[in-house]
């Protein structure tokens, strides 16, 4: 529709341009038809094209503009222009006027219904956005001395949440983060994403060991698949999720940043993060990851993997495989490491690169590379240690026998 022609019509400038176009176009149509009739008289037959003007106005503007322009066209249809042929007199002009009035009535009703549908669509979008923000809520800028930035790109048009998940919470055990990728993408994976995030937000505060957090997430995943199997495939019966959803899995990376900056992790088939320092980007791969969650049971022992220590200003860049697997029109993969280094240099600061700057630069580079066409969901998260060590002050020696101030 003409009403949605100008992108970003919600803005003031874009809205003014849109209104000007949808008002000028029907007027130009009317002037063109009248000028043609004056230059080459057809006995009023050409004036029948005036019926298209109110239809154009109704498609791009409100109902009042449609009625106003239609009334002008109906009056013009009654005016004899040039030499009138004997066979085309007042009867032809009256029929043309009647046709225009019929178009006005149909356009008035259609425009009213369209406006109601547009308002309903806007309310539905508001509800959908609010619901998706609850599932994948925006991260705060800072959690317990750790700067945060995150972004998410869904492969499904119009969706804010897909098959990727992330969350960062501050607990008494340290800052804990999770990033994962559910099998599949788009709206079909939102149920699993909601189940995993809901479980993590609870168990991250309760379990002192990172391995127990992963076990609780495994149980939440199995419970979700079992409930899903009962709803979607009740005939699966006793087979449960093992038979009905045997290929449903989740890749997960659990991180814990202690107060001294030491980082421990557990990886279930997810890409390892990048360590980001001042103008330096190095991949972190301390150990071979375990299989994705849901394919095989977790081993009996789950020792957390030590990933070194983040000094003040250093950070970790987390991502899902959708970022590294994005391709351009020629089929070339997105050079994530190279673009990350360029983004770190562009977002460099005296106290370390800005997480929001790095994530924003990588996101824009990814969209340029893929030309805005993504085949998989993408999640980007960066954590930066912003804690500053304050040296303890030496206590002044107190003379013997001196009284301490109260």
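Brief remarks on what is shown
- With the convex hull of the Cα atoms taken as the outline of the stretch 262-309, the averaged projected area works out to 3.7 nm².
- In range of the label at residue 371: residues from the stretch 318-342 whose backbone nitrogen is under 18 Å from the point 7 Å along Cα→Cβ: 325-335
- Taking every C-alpha pair closer than 8 Å and separated by at least 6 residues, the mean separation divided by the residue count of the stretch 139-385 gives a relative contact order of 24 percent.
- Cβ-derived FRET efficiency at R0 51 Å, residue 121 paired with residue 279, nearest 0.05: 0.60
- By average C-beta atoms within 10 angstrom, highest first, the peptides 255-266, 314-325, 365-376, 116-127: 314-325, 255-266, 365-376, 116-127
- Here the simple spin-label model places points 7 Å from the Cα toward Cβ, and for residue 324 and residue 172 these points are separated by 3.8 nm.
- Descending by average beta-carbon neighbour count within 10 Å, the peptides 353-362, 174-183, 135-144, 102-111 line up as 174-183, 353-362, 102-111, 135-144, the highest first.
- Put in line by how crowded their Cβ is, counting other Cβ atoms within 10 Å and starting with the fewest, 382, 290 read 290, 382.
- The tail of the calculated P(r) for the stretch 139-385, taken as Cα-Cα distances beyond 29 Å, holds 28 percent of the pairs.
- FRET efficiency estimate (nearest 0.05) - Cβ-Cβ, residue 364 to residue 332, R0 22 angstrom: 0.80
- Cα centroid separation - the stretch 334-382 against the stretch 263-277, whole Å: 17
- P(r) weight above 17 Å for the stretch 269-355, C-alpha pairs, percent: 59
- Across the stretch 105-236, Cα-Cα pairs farther apart than 25 Å form 42% of the total.
- Extension reserve of the residue 102-residue 144 stretch, reckoned as 0.36 nm per residue once the Cα distance is removed: 8.4 nm
Bear in mind these aren't lab numbers, they're just calculated from the coordinates by the rules spelled out. Model, not experiment: these values are computed from the prediction. Virtual Cβ from ideal backbone geometry, glycine too; neighbours counted across all protein chains shown.
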